[in-house]
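Written below as structure tokens is the structure these notes are about.
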Amino acid sequence: MNLVYIQNEYPVLSQTFVSNEIAELRRRGHRVRVVASRRGATFEGSADDQPDLVLREASLWAILGAHGHMVITCPAGYWKYSRWLVRRGRYFLPWAAHVPLIWRYLPAATQTHIHTHFATRAAGIAEGLRQVLGATRSVTLHAADIFKNTRLALQVENARLCTVTEHNQRYLSERDLTNVRLVRCGLDVESFPIRDPQQVERDLIVSVGRLVEKKGHDRLIRWLATQAGSPYRLRIIGEGEQRPTLSRLIDELGLADRVQLVGAMPSSSVIAEVARASVFALACRIDSDGDADGLPVVILEAALVGTPIVSTSVTGITEFLSRSTGYLARHDDEQDLHRALQEALTDPQRERRAANARDLVMTSFTLQAQADALLDLISGPAGSHTSIE
């Protein structure tokens with residue numbers, strides 16, 4: 001099968017589930033080409049995982065030449081593209097003007113499917129390409145692209161839809177987007193050896209996530225401030241707009257010697273940090289703009305290496321975390337989060353819960369299952385899709 005992935009940015013350190021999915025599809029013999037509006041930052045492993053075409057790097061002459069080439073060699077396709085550009089594509093400018101460039105780059109193929117992760121402008125561009133190729137397309141919906149997206153219906157027009165949590169399925173169904181399939185993000189379980197108990201630092205809590213409001217890092221910092229005289233330490237891995245705010249909070253609470261904002265790290269280093277933690281904690285919340293996490297992949301990674309997990313009841317997290325697999329707090333109750341953290345650090349049965357969480361990943365959250373479900377969506381009956389008149 002010929003697959004074209006169209007992404008806003010590729011590769012992205014916090015979106016390795018996209019890279020892993022593409023790698024698995026290629027391993028199975030599918031021809032996958034990646035088109036990105038912009039090239040992602042360099043990180044560990046990214047040198048061999050680059051987009052085949054980067055729209056931002058194309059010259060004006062290349063774009064104009066592609067338009068001219070399509071007019072001459074595929075006038076019917078250019079007519080379809082022009083109609084789409086007037087009716088829909090104007091919402092995705094300037095990137096919509098690159099559709100002929102993508103078309104020219106792609107070799108002729110009898111069967112092409114277009115896939116996009118996240119309902120963003122890239123999903124809009126994918127619809128323009130679908131119009132030209134007469135292809136099928138699909139979109140994997142995640143979190144912010146659902147909860148904060150005023151153009152969702154426009155971006156997923158004529159697409160087969162899937163999403164990563166049952167919560168998202170219900171949310172979308174309530175907004176008249178039905179027949180959305182479940183394709184969970186999975187892990188290559190063979191690449192995550194279980195941690196060595198001798199390497200675990202008893203009093204260390206590790207959190208991983210961008211420094212943004214919905215990750216709730218400030219709540220972990222405030223919890224640690226209630227633990228005066230304890231040996232607990234907190235390391236927060238990630239980068240983002242809230243670094244200055246979190247730094248001030250750490251200083252105000254006198255925790256500079258117990259809380260570290262580590263910054264972004266390569267994936268292998270992140271896993272090593274999580275593996276040596278006594279507890280992995282991610283205090284997710286619904287932020288002031290209504291954005292929230294789905295089921296953060298790092299929770300699955302922590303489970304796979306065997307680290308006990310504390311998190312909250314935001315959206316899809318409860319589909320993985322429960323009293324049998326970790327320590328769950330109400331997402332809107334900071335005192336309940338404190339309770340869950342304390343329980344996780346002192347519970348003599350926490351290793352049993354961690355083992356249950358690992359077993360759940362091994363059976364229900366594998367990369368192979370993710371690829372199987374996506375291919376089933378792509379190759380199955382078209383079913384219903386969103387169409388805007």
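Just one of Thr318, Thr245 is surrounded by fewer than 18 Cβ atoms within 10 Å (Cβ to Cβ) and within 27 Å of Leu367 (Cβ to Cβ); which is it?
Result of the check over Thr318, Thr245: Thr318.
With respect to the numbered conditions (1) surrounded by fewer than 20 Cβ atoms within 10 Å (Cβ to Cβ); (2) over 14 Å from Gly216 (Cβ atoms), which one is the sole condition not fulfilled by Val279?
Going through the list (1) surrounded by fewer than 20 Cβ atoms within 10 Å (Cβ to Cβ); (2) over 14 Å from Gly216 (Cβ atoms), Val279 breaks only (1).
Only one residue in Phe118, Phe92 is farther than 16 Å from Thr73 by Cα, among the aromatic types (Phe, Trp, Tyr) and at pLDDT 95 or above, so which one is that?
When all the criteria are applied, what remains is Phe118.
Could you please tell me which pairs satisfy a Cβ distance under 6 Å, a separation of 6+ or placement on different chains, a first residue in segment 76-88 that is within 15 Å of Asn158 (Cβ to Cβ), and a second residue that is exposed (fewer than 14 other Cβ atoms within 10 Å of the Cβ)?
Sorted first by the residue in segment 76-88, then by its partner, the list stays empty.
Among residues belonging to segment 163-185 that are modelled with pLDDT of 95 or more and more than 23 Å from Ile286 (Cβ to Cβ), point out the one that is nearest to the chain's Cα centre (by Cα).
Filtering first and then ranking leaves Val183.
Of the residues that make up segment 132-145, is at least one closer than 18 Å to Pro51 by Cα, modelled with pLDDT of 95 or more and of a type in the set (Gly, Ala, Ser)?
no
With Leu161, Leu172, Leu177 as the choices, which residue is in the same structural domain as Val18 (by TED's automatic domain parsing) and assigned to a loop (DSSP other than H, G, I, E, B)?
Leu177
Which residue out of Pro107, Pro100, Pro75 is surrounded by 22 or more Cβ atoms within 10 Å (Cβ to Cβ), more than 27 Å from Asn179 (Cβ to Cβ) and either touching a helix residue (DSSP H, G or I) at 6+ places or on another chain (Cβ under 7 Å) or assigned by TED's automatic domain parsing to the domain that holds Leu55 (or both)?
From the options Pro107, Pro100, Pro75, the qualifying one is Pro100.
Filter segment 301-317 down to residues that are small (Gly, Ala, Ser), assigned to a helix (DSSP H, G or I) and either outside the structural domain of Glu351 (by TED's automatic domain parsing) or farther than 21 Å from Thr163 by Cα (or both), then give me how many there are.
2
Could you grab the pairs with beta carbons closer than 7 Å, sequence gap of 6+ or different chains, first residue in segment 185-214 and part of a loop (DSSP other than H, G, I, E, B), second one of a type in the set (Asp, Glu)?
Qualifying pairs under 7 Å: Phe192/Glu301; Arg210/Glu239; Leu211/Glu239; Leu211/Glu241; Val212/Glu241.
Which numbered condition in (1) touching a strand residue (DSSP E or B) at 6+ places or on another chain (Cβ under 6 Å); (2) within 30 Å of His167 (Cα to Cα) is the only one that Gln260 fails?
Condition (2) is where Gln260 drops out.
Please pick out the residue among Ala66, Ala119, Ala96 that is more than 19 Å from Val32 (Cβ to Cβ) and not in a helix (DSSP H, G or I). Show your work before the answer.
Details: Ala66 fails: not in a helix (DSSP H, G or I); Ala96 fails: not in a helix (DSSP H, G or I).
One residue alone meets the criteria, Ala119.
So is Asp287 outside any strand (DSSP E or B), touching a residue at least 60 places away in the same chain (Cβ under 8 Å) and under 26 Å from Glu44 (Cα atoms) or not?
no
Every residue in segment 136-155 that is touching a residue at least 60 places away in the same chain (Cβ under 8 Å) and not polar (S, T, N, Q), please. It would help to see each step written out before you state the result.
Looking only at segment 136-155, we keep the residues that are touching a residue at least 60 places away in the same chain (Cβ under 8 Å), and these are 136, 138, 140, 142-144, 147-148, 151, 153-154.
Of everything in segment 136-155, those that are touching a residue at least 60 places away in the same chain (Cβ under 8 Å) and not polar (S, T, N, Q) turn out to be His142, Ala143, Ala144, Phe147, Lys148, Arg151, Ala153, Leu154.
Residues that are of a type in the set (Asp, Glu) and touching a Leu at 6+ places or on another chain (Cβ under 9 Å): does segment 2-12 have at least one?
No, every residue in segment 2-12 fails to be of a type in the set (Asp, Glu) and touching a Leu at 6+ places or on another chain (Cβ under 9 Å).
The values are calculated or read from the model by the stated rules, or taken from the named source; none is laboratory data. Since this is a predicted model, take the numbers as computed values, not measurements. Here Cβ is always computed from backbone atoms with ideal geometry, including for glycine, and neighbour counts include all displayed protein chains.
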